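The values are calculated or read from the model by the stated rules, or taken from the named source; none is laboratory data. Keep in mind it's a predicted model, so treat the numbers as computed, not measured. Please note: Cβ atoms are built from the backbone with ideal geometry, for glycine as well, and neighbour counts cover all protein chains shown. Ligands, DNA and RNA are excluded from the accessible area calculation, which covers all protein heavy atoms including side chains. Shrake-Rupley method; radii C 1.70, N 1.55, O 1.52, S 1.80 Å.
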Protein chains: 2
Amino acid sequence: MRKEAARLDASDTLRECRALFEIADDVAYFDGNSLGALPKAAPARIAEVVQSEWGQRLISSWNDADGEGAGWIDLPQRIGAKIAPLIGARRGEVIVADSVSINLFKLISAALAMRPGRKVVLSEPGNFPTDLYMVEGLEMQDLAERCLAERADIEAALDDNVALLMLTHVHYKTGEMFDMARLTKAAHDAGALVLWDLSHSVGAVPVDLNAVGADFAVGCGYKYLNGGPGAPAFAFVAERHQQALKQPLSGWMGHARPFDFTDDYEPAPGIDRLLCGTPQILSMSALEVGVDLMAGIGVDALVAKSRALSEFTREAMAQVVPELECVSPADPETRGSQLSWRHADAYALCQALIARRIIGDFRAPDVLRMGFAPAYVRYVDCARLVTELRDILDSGEWRKVEYAQRGAVT
Amino acid sequence: MRKEAARLDASDTLRECRALFEIADDVAYFDGNSLGALPKAAPARIAEVVQSEWGQRLISSWNDADGEGAGWIDLPQRIGAKIAPLIGARRGEVIVADSVSINLFKLISAALAMRPGRKVVLSEPGNFPTDLYMVEGLEMQDLAERCLAERADIEAALDDNVALLMLTHVHYKTGEMFDMARLTKAAHDAGALVLWDLSHSVGAVPVDLNAVGADFAVGCGYKYLNGGPGAPAFAFVAERHQQALKQPLSGWMGHARPFDFTDDYEPAPGIDRLLCGTPQILSMSALEVGVDLMAGIGVDALVAKSRALSEFTREAMAQVVPELECVSPADPETRGSQLSWRHADAYALCQALIARRIIGDFRAPDVLRMGFAPAYVRYVDCARLVTELRDILDSGEWRKVEYAQRGAVT
């Protein structure tokens, strides 16, 4: 298997890409779906933003009137335009701002305002927690009613009380991937709007928002986009909805003329009205490096490699470590860029792997999760995961793992 | 005047502090109330976060179980605890998160929930725009009613419909400073709660939230705290309100046990429930450097220097450039750490000063605004501002200023 993996690496069209990231050669990093690795170009770019743009040019860096300024003020739109082709969106349909949670609140609110008389936001139990919690926030305000239906029952639950179907395209724990086209159509047929959370999709699986007619989407900057810890998130609004869009986090950066300093809010035209407060420029600048890198590789190559890596690993694991129950779909058409296995001691196994510099993560209560970031994961890393996990199970060394877990940010 | 300024600098107890910042010797920087200067310690710290914590230690940096990790997960509370003594708050009453705008939304919502039957949020016209716009967001949700009263009429407007009095302590344009104790008492006497925006206060003027019995506050990280462009903001909730506090931006980081990944939201105890999404770690790490620096100098020294600088400048300007109308209060007791003057050509004057490396800013339509960041502004800078402005007005060079203005972030 090691030999086959080396052969696949040698013929991999993305084999040069790992060198664009700061990852030690002896580290097999399967946690790029939690925190993407550091692009080698990032430290210099961040140092430039800190020392030159902030330190030397100070306040003038907000502007770009003469084309020579740092143009901080345009970063949300500029990075959004670079993300757009990765998700089948047009320029002007994507903006970078705040966090996934905050952007969910904006877009759920907007959807409810567009469907007066309907209050239900439909999702599934076990969706990523923050998605469900943000609906609860609107429920607390008495503006929404949260309704959860199991996957198989979602289409039946789409009645005329549903304002919005809100789903995460690739499930954070199992890697299950929704059929975005089918569910978007089902929502529309029921008169509802649809909001896709692309946190575990962007940069790793095929997404074509406009082809399926999606209304809204959000996504994460710190996973496959390699934007750095807690990188700002993005939001998508289909062009046809932008003119009418109303969202309650109406901060000054979303105003039509923020520097007129008027007392009354007037939303900016287009996607800009999703902005709220002043963007965090250092984090945003790091995100731009990650996005540039991924956009440079191109979405088709990323998607193909991602699928090949997970298929290779799924098959090898089934053969070599058959006692681990794979909870991810076997069919790559219905799976994201990750594999998860259930084991009563998943936590201890995860720690034992980490001790051998094979980094994946644990999701309570019993899931061992491995993400395949296509830009830097090698086939030899996958082979090593499988053989070392076999060895760990056989040797029993994982039984010695005792230390406490504080959790990590998905 | 130059001589007197040099004498004051020589005897200034903070004279060594300017060397802690990256500011060219020939720059007189009066825009620290818009974007604070770069602490010299920041580039190395940020590089460490990027290269070591993100690049090398990857996902493990979220944790700090053994006291040796980077502990990103604790940054919001850790930096909040350092800000607390600057504003008269206790440990556990301040947290760093999101932006001023987003934190306003959380706290206005919380206040409305605590005053059922009352919907009015009272503020003043001309308050910083985002403060007013965030109330409009809640008005759009039909949860609030915005009411604006001129300063002199605020106390009379505090009737039993008012849930919250929301004011900016130091006015961003004029520098006028509210009597926080008096207005807090007036609000409480009317059965209302009070929320102070400390964006132009923290690190420059005396603030003692608990002494005046304030309920809520927000503040900005990128002005006098020198936290970097768009640095995250902070929020204060008096301990007595924390247990009952409900806010609708109920993201996973504000959950009691975020890593249990449950479907139902349960707010964390205490101030942590103000967290929403994943914090932007690079920007947050830069803020910590700025806060450490200011906390190290100490609030009393900062406040004293700030007042002395602005008094020196106000008197010198009145004498040397009497045709500029000062719109800031003459009494330093009722003024923040800034001075503003009205002039029909304020924009051109501001640009002419910038051309001479004297950096202040313009606020539409006709205000020239100078902020006195006590940690690095020198008396000789103030003297230079006055004499060069005289020279600019006499020479008429400002009449040649034509280029367009895009605005800068206050």
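Some points to look at:
- Carbon plus sulfur fraction of accessible area for region A:33-96, probe 1.4 Å, in percent: 48
- Förster radius 41 Å - calculated FRET efficiency between A:ASP25 and B:ARG257 (Cβ-Cβ, nearest 0.05): 0.65
- For A:PHE362, residues with placed amide H under 5 Å, excluding near neighbours: A:ARG369
- Remark on B:GLU145: its backbone amide H falls under 5 Å from those of B:VAL120, B:VAL121, a criterion applied only to residues 5 or more positions apart or on other chains, H modelled at 1.01 Å from N.
- Farthest toward positive dipole pole in the protein assembly as shown [+1 Lys/Arg, -1 Asp/Glu at C-beta], among B:VAL291, A:GLY126, A:GLY55: A:GLY55
- Chains B and A together bury roughly 7500 Å² of accessible surface, counting both sides and using a 1.4 Å probe on protein heavy atoms.
- Difference of contour (0.36 nm per residue) and Cα-Cα distance, A:ALA10 to A:THR387: 133.7 nm
- Kyte-Doolittle mean at least 0.0, axial Cα span of 18 Å or more - DSSP H helices of chain B: B:100-114, B:281-297, B:299-320, B:379-395
- Gyration tensor analysis over the Cα atoms of the protein assembly as shown returns equivalent ellipsoid semi-axes of 47, 30, 24 Å (largest first, whole Å).
- Stretch gain in nm, segment B:GLN243-B:ASP189, where the contour uses 0.36 nm per residue and the Cα spacing is subtracted: 17.2 nm
- Taking the Cα centre of region B:44-297 as origin and assigning +1 to Lys and Arg Cβ atoms and -1 to Asp and Glu Cβ atoms, the resulting dipole is close to 280 debye.
- Only Cα pairs under 8 Å and 6+ residues apart enter the sum, and on that basis the relative contact order of region B:82-232 stands at 25 percent.
- Rounded to the nearest 20 debye, dipole of the protein assembly as shown from Cβ charges on Lys, Arg, Asp, Glu: 1080
- Dipole of region B:151-202 [Lys/Arg +1, Asp/Glu -1 at C-beta], most positive-end residue of B:HIS169, B:ALA181, B:LEU195: B:HIS169
- Distance between modelled label sites at B:CYS147 and A:ALA268, nm, 7 Å Cα→Cβ extension: 3.3
- Dipole size of region B:276-334 about its Cα centre, with +1 on Lys/Arg Cβ and -1 on Asp/Glu Cβ: approximately 180 debye, rounded to the nearest 20.
- Length-normalised contact order for region B:285-349 - Cα pairs under 8 Å, 6+ apart - percent: 26
- Normalised contact order of region B:44-297, rounded percent, pairs of Cα under 8 Å and 6 or more residues apart: 22
- Too-long pairs where the Cα-Cα distance tops 29 Å, listed order kept, from B:LYS40/B:LYS82; A:LYS82/B:LYS40; A:LYS119/B:LYS223; A:LYS40/B:LYS106: A:LYS82/B:LYS40; A:LYS119/B:LYS223; A:LYS40/B:LYS106
- ³J(HN,Hα) computed for each position of region A:142-156 - Karplus, 6.51 cos²θ - 1.76 cosθ + 1.60, integer Hz, glycine/proline x: 6, 9, 9, 10, 7, 9, 10, 10, 4, 2, 5, 9, 4, 5, 5
- Translational diffusion of region B:301-356, µm² s⁻¹ [Kirkwood Rh, Cα pairs; Stokes-Einstein; 4 °C; 1.567 mPa s]: 106
- Computed over protein heavy atoms with a 1.4 Å probe, the accessible surface of chain A works out to 33 Å² per residue.
- Teacher prompt: B:ALA330 distances to equivalent labels in other copies, 7 Å Cα→Cβ, nm: 8.8
- With label points set 7 Å from Cα along Cα→Cβ, the inter-copy distances at B:GLY298 are 6.4 nm, sorted shortest first.
- Two-decimal Rg/Rh across chain B, once Rg and the Kirkwood Rh are taken from alpha-carbon atoms: 0.98
- Cut-off 10 Å between beta-carbons: net charge of the residues surrounding A:SER337, Lys and Arg +1, Asp and Glu -1: +4
- With a cut-off of 9 Å between beta carbons, the residues surrounding B:PRO374 carry a summed charge of +2, where Lys and Arg count +1 and Asp and Glu -1.
- For the peptide A:17-29, the mean number of other protein chain Cβ atoms found within 10 angstrom of a residue's Cβ is 1.
- Copy-to-copy label separations for B:ALA364, where each label sits 7 Å from Cα toward Cβ, in nm and ascending: 4.9
- Per-residue ellipticity at 222 nm, computed for chain A from helices alone with -39500 (n - 2.57) per DSSP H run of at least four residues, works out to -10500 deg cm²/dmol.
- Built amide H within the under 5 Å cut-off of A:HIS255, gap 5+: A:ALA268
- The HN-Hα couplings worked out from phi for region B:241-247 by the Karplus form 6.51 cos²θ - 1.76 cosθ + 1.60 (θ = phi - 60°) are 9, 5, 4, 9, 5, 10, 9 Hz, whole numbers, x standing for Gly and Pro.
- What separates the Cα centres of region B:136-179 and region B:203-248 is a distance of 17 Å.
- Largest-first ordering by accessible area, 1.4 Å probe, given options B:ARG384, B:ARG91, A:ARG57, B:ARG7: B:ARG91, B:ARG7, A:ARG57, B:ARG384
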